[in-house]
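The structure under discussion appears below in the form of structure tokens.
The values are calculated or read from the model by the stated rules, or taken from the named source; none is laboratory data. Quick caveat, the model's predicted, so the values are computed rather than measured. Backbone-built Cβ (ideal geometry, glycine too); neighbour counts: all protein chains shown.
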Amino acid sequence: MKSLEFVKEKIKTDTALNKIKDALSNSKAFLVGGFIRDLFLGVKSFDRDIVVLKDARKIAQNIAKSLEGTFIELDIENEIYRVVLKDKKTYFDISTALENDILKDVKRRDFTLNSIMYDFQNNDFYDPSNGIASLRAEILKCADIKNLEDDPLRMLRAFRFAAAYNFKIDKSIFDFIKDNNRLIRNIAPERINQELVKLFGGEFCAQSLILADEAGLLREIFPFVEEIKKIPPNSHHHLDLFRHSIETMRTIRLNNPILKLAAFCHDIGKPKTHTIEPNGRHRFIGHDEVGSKLIVPILEGLKFSKKQIEYVSLMIKNHIYPSALMSAQNVQDKAKIRFIKKLDPYVEDIIELARADRLCARGIAVDDEMVRKNLENLDELLNFYKKIKPKMESLPKLLGGKEIMELLRIKPSPILGKIIEALNEAQLEGMIKTKEEAKNFIVAWFKENYEEM
């Protein structure tokens, strides 16, 4: 943790804050919240929250005008306004203190480490809730536990901060969440969504999810949690399905919160496809397809974007594909190219998910050699992708659709798409380099495959 002197100096020399000094000169104003917290933690931050005793709207408008920023009304009733600067990253939230009382404003904030204030006039910290001490102790505390009841989203935010900074959660907070986890149902899903993305982006997300589960909050957001807990360890999995999902997410190396979310959800189709054979083997046939469909309404309800939902669904549907493809004897480049064309631009993501899944399934039927070979195969597929991707991007168009139809005397149909795909694959394999070779290829391909079409 950085020293008081370090943080003071950073605040005094902050370029953005110095730009608004004149606008704040006639007001009792305080810097508060995440910007100060992150300075103590040595983390870069762009959002600067300013609390004033009066005239928040006027001050925000003056700042917007002087800096040619954009003025936004966030909450007129509570007098909260935002100014976004031209870089679109730096912004100020200007608000009026609760009941024009700075102490009351401090006490109503979510956690004490977010209630540390810096008094611009006195050039010193104002910290009646001992937020600096909470930061030093790396623990989340509330000045008043009622703050969680006033805004139950703060229950989820506690685990988000634990995921980001590995902070401990004070027992009073944890006990409140355990007793009141259903209150999260009253929160707009858009707000829950924002906290979830930050939570899954945290370095300590796995530990945080386990804590959220112990507090009963996780099942309120992801109802499938209780279902996957029912799937026990088996010959291929040394962990129950819930722990396997957590560990798979933990093992993802890419800094992509939506991929980590997909990893956490990758096996949600297993409870609906679970069977046990007479020999005691657990089977989950088609769980990838089932899971890819189950996740859609869940993420829609949590207001994830259409693109994010399609991505997670795609990851779940194809998480077995890389390992299954590469387990075949003498897998052909043509099959690898089909895999790449189907999943590009998410090839590296799906291979990473397959790798994490492999590492986190170590039942008695899985020996070290099986794991080693599987990982080796995935590395081979990834290297093939990196080698061939530039060729795919620069692939010359030797024949257009109209030329192909004229040459073969066919009309627009799905057959045309299959011909173009076959031609592209032949080019990638280096079989075809000229227009004449392309014509000869499609004529031969059409004759060979037309009856099957």
Only residues that are part of a helix (DSSP H, G or I) and under 25 Å from Phe441 (Cα atoms): list them for the range 362-401, please. Phe384, Tyr385, Lys387, Ile388, Lys389, Pro390, Lys391, Met392, Glu393, Gly401
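What residue, of Phe111, Phe46, Phe30, Phe92, is of a type in the set (Phe, Trp, Tyr) and more than 32 Å from the chain's Cα centre (by Cα)?
Values: Phe111 fails: more than 32 Å from the chain's Cα centre (by Cα); Phe46 fails: more than 32 Å from the chain's Cα centre (by Cα); Phe92 fails: more than 32 Å from the chain's Cα centre (by Cα).
Phe30 is the lone residue from the list that is of a type in the set (Phe, Trp, Tyr) and more than 32 Å from the chain's Cα centre (by Cα).
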Among all residue pairs at least 6 apart or on different chains, which show Cβ distances below 7 Å where the first residue, located in the range 219-235, is under 22 Å from Lys303 (Cα atoms) and the second is modelled with pLDDT of 95 or more and assigned to a loop (DSSP other than H, G, I, E, B)? Phe224/Ile268
One residue from Leu113, Leu183, Leu156 being under 22 Å from Glu203 (Cα atoms), in the same structural domain as Leu211 (by TED's automatic domain parsing) and not charged (D, E, K, R): Leu156
On the basis of being assigned to a helix (DSSP H, G or I), among the basic types (Lys, Arg) and crowded, with 18+ Cβ neighbours inside 10 Å, does Lys341 make the cut? no
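Of all residues in the range 107-155 being assigned to a helix (DSSP H, G or I) and of a type in the set (Val, Ile, Thr), which is nearest to Ile184 (Cα to Cα)?
The initial filter retains those residues of the range 107-155 that are assigned to a helix (DSSP H, G or I), namely 107, 112-114, 131-137, 146-150, 153-155.
Then keep just the ones that are of a type in the set (Val, Ile, Thr); that gives 112, 132.
On the way: Thr112: 21, Ile132: 28 Å.
The extreme case among them is Thr112.
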Residues of the range 402-437 being part of a loop (DSSP other than H, G, I, E, B) and more than 21 Å from Lys389 (Cα to Cα), in sequence order, are Arg409, Ile410, Lys411, Pro412, Ser413
Among the residues of the range 215-231, how many are surrounded by fewer than 21 Cβ atoms within 10 Å (Cβ to Cβ) and over 20 Å from Leu294 (Cβ atoms)? 1
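Just to be sure, is Gly363 of a type outside the set (Phe, Trp, Tyr), surrounded by fewer than 17 Cβ atoms within 10 Å (Cβ to Cβ) and not assigned by TED's automatic domain parsing to the domain that holds Glu421? Quick ask: steps written out before the conclusion?
Numbers: of a type outside the set (Phe, Trp, Tyr): yes; surrounded by fewer than 17 Cβ atoms within 10 Å (Cβ to Cβ): yes; not assigned by TED's automatic domain parsing to the domain that holds Glu421: yes.
Against the criterion (of a type outside the set (Phe, Trp, Tyr), surrounded by fewer than 17 Cβ atoms within 10 Å (Cβ to Cβ) and not assigned by TED's automatic domain parsing to the domain that holds Glu421), Gly363 qualifies.
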What are the pairs with Cβ atoms under 8 angstrom where one residue, in the range 94-106, is not assigned by TED's automatic domain parsing to the domain that holds Phe35 and among the aromatic types (Phe, Trp, Tyr) and the other, located anywhere, is surrounded by 19 or more Cβ atoms within 10 Å (Cβ to Cβ) and part of a strand (DSSP E or B)? Sequence gap at least six, or different chains. none
Matching residues, the range 166-214, being of a type in the set (Asp, Glu) and buried (at least 18 other Cβ atoms within 10 Å of the Cβ): Asp170, Glu195, Asp213
Considering each residue of the range 1-54, count those that are farther than 20 Å from Leu113 by Cβ, touching a strand residue (DSSP E or B) at 6+ places or on another chain (Cβ under 8 Å) and among the charged types (D, E, K, R), and give that number. 2
Considering only the range 325-360, state which residues are over 14 Å from Ile388 (Cβ atoms), out of contact with any Asp or Glu (no Cβ under 9 Å at 6 or more places or on another chain), at pLDDT 95 or above and of a type in the set (A, V, I, L, M). Leu325, Ile350, Leu353, Ala354
Of the candidates Lys8, Lys89, the one satisfying the condition of being surrounded by 15 or more Cβ atoms within 10 Å (Cβ to Cβ) and among the basic types (Lys, Arg) is Lys8
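Only one residue in Lys146, Lys107, Lys141 is among the charged types (D, E, K, R) and surrounded by fewer than 16 Cβ atoms within 10 Å (Cβ to Cβ), so which one is that?
On the way: Lys107 fails: surrounded by fewer than 16 Cβ atoms within 10 Å (Cβ to Cβ); Lys141 fails: surrounded by fewer than 16 Cβ atoms within 10 Å (Cβ to Cβ).
From the options Lys146, Lys107, Lys141, the qualifying one is Lys146.
Which one of these is at pLDDT below 95 and among the charged types (D, E, K, R): Asp144, Asp127?
Numbers: Asp127 fails: at pLDDT below 95.
Result of the check over Asp144, Asp127: Asp144.
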